[in-house]
1. Scan segment 250-266 for residues that are touching a Leu at 6+ places or on another chain (Cβ under 9 Å) and in a loop (DSSP other than H, G, I, E, B) and report the count.
2. Scan segment 205-220 for residues that are buried (at least 17 other Cβ atoms within 10 Å of the Cβ) and touching a strand residue (DSSP E or B) at 6+ places or on another chain (Cβ under 9 Å) and jot them down.
3. Any idea which residue in segment 38-68 is modelled with the highest pLDDT, counting only those that are of a type in the set (S, T, N, Q) and assigned to a loop (DSSP other than H, G, I, E, B)?
4. Go through THR91, THR74, THR156 for me and flag whichever is touching a strand residue (DSSP E or B) at 6+ places or on another chain (Cβ under 9 Å), in the same structural domain as GLY28 (by TED's automatic domain parsing) and modelled with pLDDT under 80.
5. Could you please find all residues in segment 228-242 being assigned to a loop (DSSP other than H, G, I, E, B) and modelled with pLDDT of 90 or more?
6. What's the total number of residues in segment 354-369 that are within 19 Å of VAL396 (Cα to Cα) and without any contact (Cβ under 8 Å) to a residue 12 or more places away in the chain?
7. Does ARG255 fit the bill of being buried (at least 16 other Cβ atoms within 10 Å of the Cβ) and charged (D, E, K, R)?
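The values are calculated or read from the model by the stated rules, or taken from the named source; none is laboratory data. This is a predicted model, so every value here is computed, not measured. Ideal geometry is used to build each Cβ from the backbone, glycine not excepted, and the neighbour counts take in all protein chains shown.
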Amino acid sequence: MKNVMDTLRERDFIKQTVYEEDLYELLGSESVPFYTGFDPTADSLHVGHFMQLVAMKHMQDAGHRPIVLIGGGTAMVGDPSGRTDMRSMMTKETIARHVECFKSQMARFLRFEGENAAIIVNNADWLLGLNYVDFLRDIGVHFSVNRMLTAECFKTRMERGLSFLEFNYMLMQAYDFLVLHQKYGCSLELGGDDQWSNILAGADLIRRKERKPAYAMTFQLLTTSEGKKMGKTQKGAVWLDENKTSPYEFFQYWRNTDDADVEKCFKLLTFVPLGEILALCAHRDERMNAAKERLAFELTKMVHGEEKARAAMAQAKGAFGGDEGTMPEIKLSKSCPTVLAALVEAGLCKSNGEARRLIEQGGVSVNGEKVSAFDAPLPEGSFTLYKGKKVRVRIVRE
């Protein structure tokens, strides 16, 4: 079987590794238990998590065993990586609810039965009962404060103030790796490149304390060609939960991918063969639209299933191809008085202020006619509401 590191390299996942030659040999010779951590800071996974799940599926398909670590314990501290502010605290009850939501979503991507079946563990099981003095004597002794302060995850917080609570996060994540190594023989941690310092700390801890090999591998972050994180819209994050981001909205997000990012998204987020990807993205002209539609369909199918993916594609074609019968439909209350109010009630704008700015800029139309007045009344019956060039919905009054 092909070495999974070759697959991950070809699809441009890998950013950093340690002991790379040894890791390559290990992954090519035996089934390796590996883990990726997910902090349950919301009740759904989002597009940023999705990329990690795809990488884990590549690993599982190559014969390796995924361990999904839910950070029920570390979420009570908060990861400072990539943050300029301190994360808000969550209750145990909130975290437990989020963990259950994650479990059901992950089952769509990873196999939890059969050979090299994935398992889900929660670090609250071993972190919340720790004796602090014992932890410092057993684990803290292996960490240098001077070295920790050079880590990127702490540098970004130093100016505004890094709490001692957050400073403990690296030790806790490293301890997770050690526990998984002892319980399941886990010898590899995967994650986004913003987690490099934390992941490396865990591998170092195992090598120092257990005198056994352990490895770290990080992946590039899912960003646009301009360096901005993908997975954000005016309404917020692009979620995998259809109640937070509908299949149509999910489809449209990827259908509107910038030309320069289509090939990258195919490689990192789908399992379409590389040769087919290169053929789809070979022409930077109107033919790229077919590639974007395929990208949107593949991703929506993976997250929501083929039936909902086909329905979302039909809605998109209805909205932009003139077929009103398949256009996405939103119901508004009879009391909704104006176009401005309709934009907010339909969820196309977050606030009245945003809706006003959009109307001022000429970005709103009703049945193809531009709206220029804030108090423009709504037409009788159903109508088509346009927000810019990329959003068209059928509005029905209840």
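1. 1
2. ALA214, TYR215, ALA216, MET217, THR218, PHE219
3. Ranking the qualifying residues of segment 38-68, first place goes to SER44.
4. Values: THR91 fails: touching a strand residue (DSSP E or B) at 6+ places or on another chain (Cβ under 9 Å); THR156 fails: touching a strand residue (DSSP E or B) at 6+ places or on another chain (Cβ under 9 Å).
After applying the criteria, what remains is THR74.
5. VAL238, LEU240, ASP241, GLU242
6. Number satisfying all stated conditions: 1.
7. yes
Conditions tested, residue by residue: (1) among the polar types (S, T, N, Q); (2) touching a Lys or Arg at 6+ places or on another chain (Cβ under 8 Å); (3) in a loop (DSSP other than H, G, I, E, B).
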| residue | (1), (2), (3) |
| --- | --- |
| LEU268 | no, yes, no |
| GLU276 | no, no, no |
| ALA282 | no, no, yes |
| ALA311 | no, no, no |
